[in-house]
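The structure appears right after this line, and notes come after that.
The values are calculated or read from the model by the stated rules, or taken from the named source; none is laboratory data. Model, not experiment: these values are computed from the prediction. So basically every Cβ, Gly included, is an ideal-geometry build from the backbone, and we count neighbours across all protein chains shown. Side chains included, ligands, DNA and RNA excluded: accessible areas come from the protein's heavy atoms. Shrake-Rupley method; radii C 1.70, N 1.55, O 1.52, S 1.80 Å.
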Amino acid sequence: MPADLHYLSLDEVARRLKARKLSSVELTRSLLDRIDKVDPGLRSYATVTADRALADAARLDEETGAGTSRGPLHGVPIAVKDLCNTEGVPTAAGMAIHHDNVPSRDATVVARLKQAGAVVLGKLQMTEGAYGAHHPGIPAPLNPWNAAYWTGSSSSGSGAATAAGLCFASLGSDTGGSIRFPSTMNGLSGLKPTWGRVSRAGVFPLAESLDHIGPMARSALDAAIVLGVIAGADPDDPTSVGLPVPDYAASVDQGVRGRRIGLPSDLHGLDEDSRRALDGAVVVLQKAGATIVDVKLPDGFDQGARDWVPLCGVEAALAHDATYPSRASEYGPVLSGLLDQGRHLSAVEFARMQLRRAALTGHLNRLLESVDLLLMPVMARAVWSTEALLAAGRDPEAVAGRLRYTAPFDLSGHPTLTLPGGMSADGVPVGFQIVARGFEEGAILAAGHAYQRETDWHLRRPPL
């Protein structure tokens, strides 16, 4: 086997498995060995299910030998964020209070991965309750590119493990940016689908009307493969949408020729790294046949980022009502602060924010009627050291500033794809995002694939 087997694309590994150039058992064992070697220094996994993974891989190899294939994930080792319920395996959602929670049933997304033949290596570490900080008693995952830098939240373990070759793709969740932050900080292609495109049944909530479940992978094509498996209506989630699920992977070659891509002229506060990534994306996408159009962000865009924390807090307070404040001493200070804020927000103020949210969604829908796609930064400050993040603190304006280009699309539910588009001077990846109309994930995946055919940022690997 090649020495860098763990860094092959999911698509390439799937093709080798199908052609029987690899077995799932040897592939799974190789990744488990790498986890044993590398993850003590990264802390990306909350739980590794080695015996179960090897048993599943052996069964899938038998199916391959009998001429049966479950699809493009057959035999491929992946991992899932530790807020997705897994039958018989602890699911703590980053919380000390749930350390002994062992679900009796898989979340729908996990069940769909297994049905498609994926081998689940384990559960990936995350911030407490999927909010903005890790529980003080649970070590945070480290950035494999530079340990002094933020790994992103809340899907921090998903970002670190996927970038470090400890799985071929992972599931993350995004409520205010938690697929996009770790994707940009770890050099990944992370997709936040349209709200309702992927079932949330069996996933521990942060804020149910804002939560999105999606793939974090090393290319747009790999993300397309995973999305095609987990998307679709689910009777256990009445908010999931019954639209047909396209073959996203088959359509990634459609490219962007003839597409109108909006680039806001009123982006402010961007540092050189973030601006350079956007400018580079413009050049590549224009070369691929897209037309770049100047647009303006709608009224209420900045206010949406300010409203996100209190709106999230109200729904989070509901999600934790059984244990907070009755067991408040077992919570960390950051999540406690959010829950307290949510519990004390007045109904009138909550209603006012919901009306602003509805207006922002309408404005964004109209903007995306004038263009096919929207090109955006992920963060104005492209990369954050852990020291700088701690210094910025939890001041509402500082938090809103970090959320400015992510949270509005959680409020509106639009799909976005984060792509690596550069490197900082300290060797940390820099990303940007592409936004589409609701349920047009295929369009952003095709744009991402077109970009990645002409660039190699997604092929770079951390210096482990």
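Here are the numbers for this structure:
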quantity	calculated
Single residue of Val378, Val348, Val383, Val399 found to be open to solvent by 50 Å² or more (accessible area, probe 1.4 Å) and either in contact with a helix residue (DSSP H, G or I) (Cβ under 8 Å, 6 or more places away or on another chain) or over 20 Å from Asp174 (Cβ atoms) (or both)	Val348
Residue in the stretch 363-373 that is closer than 26 Å to Leu142 by Cβ, open to solvent by 60 Å² or more (accessible area, probe 1.4 Å) and not aliphatic (A, V, I, L, M) present	no
Members of the stretch 5-44 that are without any contact (Cβ under 8 Å) to a residue 40 or more places away in the chain and open to solvent by 40 Å² or more (accessible area, probe 1.4 Å)	Glu12, Arg15, Arg16, Ala19, Lys21, Glu26, Arg29, Asp33, Asp36, Lys37, Pro40
Matching residues, the stretch 157-179, being of a type in the set (A, V, I, L, M), in contact with a strand residue (DSSP E or B) (Cβ under 6 Å, 6 or more places away or on another chain) and assigned to a helix (DSSP H, G or I)	Ala161
Selection within the stretch 375-415 - among the β-branched types (Val, Ile, Thr), over 16 Å from the mean Cα position of the chain (by Cα) and closer than 21 Å to Ala277 by Cα	Val383
Pair list, Cβ < 7 Å and 6+ apart or interchain, from the stretch 349-374 residues that are farther than 20 Å from Val314 by Cα to residues that are open to solvent by 60 Å² or more (accessible area, probe 1.4 Å) and aliphatic (A, V, I, L, M)	none
Residue in the stretch 244-277 that is farthest from Leu367 (Cα to Cα), counting only those that are among the polar types (S, T, N, Q) and either open to solvent by 30 Å² or more (accessible area, probe 1.4 Å) or free of Cβ contacts under 8 Å to residues at least 40 places away in the same chain (or both)	Gln254
In the stretch 157-171, residue farthest from the chain's Cα centre (by Cα) [restricted to those that are of a type outside the set (A, V, I, L, M, F, W, C) and farther than 10 Å from Ala217 by Cα]	Gly165
Those residues of the stretch 230-282 which are among the hydrophobic types (A, V, I, L, M, F, W, C) and under 18 Å from Val371 (Cα atoms), in sequence order	Val256, Ile261, Leu263, Leu267, Leu278, Ala281, Val282
All positions within the stretch 180-194 that are at negative phi, crowded, with 24+ Cβ neighbours inside 10 Å and assigned to a loop (DSSP other than H, G, I, E, B)	Leu188, Pro193
Checklist (1) crowded, with 19+ Cβ neighbours inside 10 Å; (2) out of contact with any helix residue (DSSP H, G or I) (no Cβ under 7 Å at 6 or more places or on another chain); (3) not polar (S, T, N, Q) applied to Gly280, failing item	(1)
Residue identified as within 9 Å of the chain's Cα centre (by Cα), at positive phi and touching a residue at least 24 places away in the same chain (Cβ under 8 Å) among Gly202, Gly177	Gly177
Identity of the residue in the stretch 403-431, open to solvent by 30 Å² or more (accessible area, probe 1.4 Å) and not acidic (Asp, Glu), that ends up nearest to Arg218 (Cα to Cα)	Met423
Some residue of the stretch 229-243 being assigned to a loop (DSSP other than H, G, I, E, B) and buried (at least 20 other Cβ atoms within 10 Å of the Cβ)	yes
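Each row is one residue, and each column tells you yes or no for (1) among the small types (Gly, Ala, Ser); (2) in a loop (DSSP other than H, G, I, E, B); (3) touching an Asp or Glu at 6+ places or on another chain (Cβ under 6 Å).
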site: Pro205; (1), (2), (3): no, yes, yes
site: Ser209; (1), (2), (3): yes, yes, no
site: Ile213; (1), (2), (3): no, no, no
site: Ala223; (1), (2), (3): yes, no, no
site: Pro246; (1), (2), (3): no, yes, no
site: Asp253; (1), (2), (3): no, no, no
site: Arg257; (1), (2), (3): no, yes, no
